[in-house]
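Enquirer: The structure under discussion is supplied below as structure tokens; questions concerning it will follow.
The values are calculated or read from the model by the stated rules, or taken from the named source; none is laboratory data. From a predicted model like this one, the values you see are computed outputs, not experimental measurements. Counting neighbours? That spans all protein chains shown, and the Cβs are built from the backbone with ideal geometry, glycine included. The accessibility values were calculated without ligands, DNA or RNA, using every heavy atom of the protein model including side chains. Shrake-Rupley method; radii C 1.70, N 1.55, O 1.52, S 1.80 Å.
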Amino acid sequence: MFNTAEITSQESENKTGPIKAVIVGAGNRTNVYSTFAVENPKELQIVGIVEPDPLRRKNAAERFNVPKDNCFESIDTFVHRPKFADAVINGTMDEIHVQTTIPILKAGYDVLLEKPIGTTEKEILKLNEIASFYGRKVMICHVLRYAPFYTEIKRRVLDGLIGEIINIQTAENVGYDHMAVSFVRGKWNSKENCKSSMLLAKCCHDLDIIAWLMSGVNPKRVSSFGSLMHFHPEKAPEGAGKRCLVDCEIESDCPYSARKNYIEQDKWGWYAWRSIQHLGPDPTVEEKIESLKTDNPYGRCVWHCDNDVVDHQSVIIEFENGATAAHNLVGGSAKACRTIHIIGTKGEIQGCLEDGYFTIRHPDPRKGHAYKTEKVYINVSNNMHGGGDLLLVADFVHVMKGNEPSISTTSLEDSINGHLIIFAADQANEENKVVNI
Ligand SMILES: NC(=O)c1ccc[n+]([C@@H]2O[C@H](COP(=O)([O-])OP(=O)(O)OC[C@H]3O[C@@H](n4cnc5c(N)ncnc54)[C@H](O)[C@@H]3O)[C@@H](O)[C@H]2O)c1
């Protein structure tokens, strides 16, 4: 099936100099990850760019001082050049993750690949097969595994502190502004367009955390319920228009107001100002308002968009050893937060990522007591996924240098179970049945 002549040898012996990486897709995410190269030039160097958008290609090349010869507008032209780096950071959009990664693996590069791995079970299994055939390292950007909050929880689970896991309950409450920018107005608002369901796009981290905590126990069957309940025209409040800054009578009171979210609060600029990126990195307020009034998709009323993904979904999982787990995705909450509660045979762990601590409890049957409590405080960064984004890159560099993987290492093989749960959950929800994995 594969041509063995195409296999190139791996230089896996401990490497001392910086890892040289090529960015594929010079967008928002690779911009975040490559901050690691800016801060740690002795560890990681960006030496090439593959990006079809000329402006983004030019900006990234300037940021990393990449010569013109190492800038490519397509994967095809890139892989035809003899290998000139150790690895690729692939931050393209969901739908093309697998199709762009396969030629890169064949050309001899290891890959740090954005999540989701792919948008169908078939393609992620194919990618896994190809990666193992060529002996390439592929790590998935499941950044939450690296957030110290989850790493510390995992460490305690591995130490046997709460015994064998019986049940895991997680929730992801997607804040109202995030819901609107990504899943109502934005790039992940339609499965038809981006090929990812909301569960895949938003919660592949959460289902990955569940699968990771289960440490190799495979999921067995899955059930799920969810729908688009709020963000469609029938739910539009009286006075809502089609565009916040054109014909809306309730804009000043609306939490989803484009003016409030993207101009006054100055949030989500990477998405909101994409359509006017040609005006430069700092468009004026007047230019932003003009775009929101005219053709900017982020200026649309949240009740009058072309979105079709769910705004809430619940997933129930049974594992091969009988343990169970449940995950709730809720879009549009006031407080954006992720919660977790793990109950084991000897104790439990409960916490909220954004609160900066988790609690460990053990039964305490002494008279007048119920349980013993220990609180573990974590220095949680407000952005970059609880601090996970750059720790992931650090671990990728560490593994690329030939070191042992960490307890978080998101190898492709170890990242598949969470995705399988999601594909099964979406099928269960769509077909109204329990799906065996
Ligand atoms: N790990 C996380 O927590 C996290 C968070 C947000 C998004 N993501 C994922 O990151 C990925 C990228 O999202 P983003 O917001 O950075 O997207 P983006 O649109 O900002 O960047 C993608 C870039 O890829 C370029 N591109 C398109 N086709 C290409 C091709 N054939 N070859 C090379 N480049 C190509 C685009 O021009 C664009 O610049 C998505 O899959 C998304 O789901 C992950």
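Enquirer: With just the Cα atoms defining each centre, how far is region 349-416 from region 271-341? Give it in Å.
Expert: With region 349-416 and region 271-341 each reduced to a Cα centre, they are spaced 25 Å.
Enquirer: Normalised by the number of residues in the chain, what is the relative contact order in percent for Cα pairs under 8 Å and 6+ residues apart? Don't skip to the answer; put the middle values down first.
Expert: Working: 864 pairs, mean separation 95.0, N = 437.
Computed value for the chain: 22 percent relative contact order.
Enquirer: Right, next: For region 104-233, what class follows from the C-alpha gyration tensor (a ≥ b ≥ c being the square roots of its eigenvalues): rounded when a/c is under 1.5, otherwise prolate if a/b is larger than b/c, else oblate?
Expert: On the way: a/c = 1.82, a/b = 1.09, b/c = 1.67.
It is oblate, given that a/c is not under 1.5 and a/b is not larger than b/c.
Enquirer: Could you name the lysines whose alpha carbon sits less than 22 Å from that of Lys137, not counting residues in the same chain fewer than 8 places away?
Expert: Qualifying lysines at Cα under 22 Å: Lys15, Lys20, Lys42, Lys83, Lys106, Lys115, Lys122, Lys126, Lys401.
Enquirer: How long, wide and thick is the chain, going by the Cα atoms along their three principal axes, in whole angstroms, largest first?
Expert: If we take the Cα atoms of the chain, the spans are 73, 65, 42 Å.
Enquirer: Just to be sure I understand the model, the point goes 7 Å from the Cα along the line to the Cβ. What's the resulting Gln99 to His362 distance in nm?
Expert: Going by the 7 Å Cα→Cβ label model, 5.5 nm.
Enquirer: Calculate the radius of gyration of the Cα atoms of region 215-335 to one decimal place, then report Dmax, the largest Cα-Cα distance, as a whole number, both in Å.
Expert: Final numbers for Rg and Dmax: 19.3, 59 Å.
Enquirer: With every protein chain in place, what's the accessible area of Glu430 (1.4 Å probe, Å², nearest 10)?
Expert: 130 Å²
Enquirer: Averaged over all directions, how much area does the convex hull of the C-alpha atoms of region 25-101 cover when projected, in nm²? Please report the intermediate quantities before stating the final value.
Expert: On the way: hull surface 19.8 nm².
That works out to 5.0 nm², a quarter of the Cα hull's surface.
Enquirer: Moving to a separate point now. If r is the Cβ-Cβ distance from Gln169 to Lys346 and R0 is 22 Å, what FRET efficiency results, to the nearest 0.05? Spell out each step's value before the answer.
Expert: Numbers: r = 18 Å, r/R0 = 0.80.
The value I calculate is 0.80.
Enquirer: Which trypsin sites (Lys or Arg not before Pro) from region 64-170 combine a DSSP loop assignment with at most 13 other Cβ atoms within 10 Å?
Expert: Filter output for region 64-170: Lys83.
Enquirer: Pairs of alpha-carbon atoms within less than 8 angstrom and 6+ residues apart define the contacts here; what relative contact order does region 116-196 have, in percent? Walk me through the intermediate numbers first.
Expert: Numbers: 21 pairs, mean separation 14.7, N = 81.
With pairs under 8 Å counted, the relative contact order is 18 percent.
Enquirer: Moving on. Counting only Cα atoms, I'd like the Rg/Rh figure for region 384-425, Kirkwood definition for Rh. Intermediate results must be reported in sequence, preceding the final value.
Expert: On the way: Rg = 12.5 Å, Rh = 11.7 Å.
That ratio equals 1.07.
Enquirer: Using amide H atoms built in the peptide plane, which far-off residues or other-chain residues are under 5 Å from Lys220 H to H?
Expert: Under 5 Å from the amide H of Lys220 lie the amide H atoms of Glu318, Phe319, Glu320, each far enough along the sequence or on another chain.
Enquirer: Quote the accessible area belonging to Phe64 in square angstrom, nearest 10, computed with a 1.4 Å probe and with ligands, DNA and RNA left uncounted.
Expert: Spelled out: Phe64, probe radius 1.4 Å, area about 30 Å².
Enquirer: Enumerate the amide H contacts of Val24 below 5 Å, restricted to partners 5 or more residues apart or on another chain; note that Pro and chain-start residues carry no placed amide H.
Expert: Hits under the 5 Å cutoff: Val50, Ile89, Asn90, Gly91.
Enquirer: Show me the ranking of peptides 265-271, 345-351, 180-186, 312-318 by mean Cβ neighbours inside 10 Å, starting with the highest. Intermediate values should be presented prior to the final figure.
Expert: Numbers: 265-271: 14.4, 345-351: 17.4, 180-186: 25.0, 312-318: 20.7.
Highest mean packing first, the order is 180-186, 312-318, 345-351, 265-271.
Enquirer: Go ahead and estimate [θ] at 222 nm for the chain from helices alone: -39,500 (n - 2.57) per DSSP H run with n ≥ 4, summed, over the residue count, rounded to 500.
Expert: Working: 14 runs with 129 residues, N = 437.
Value at 222 nm, helices only: -8500 deg cm²/dmol.
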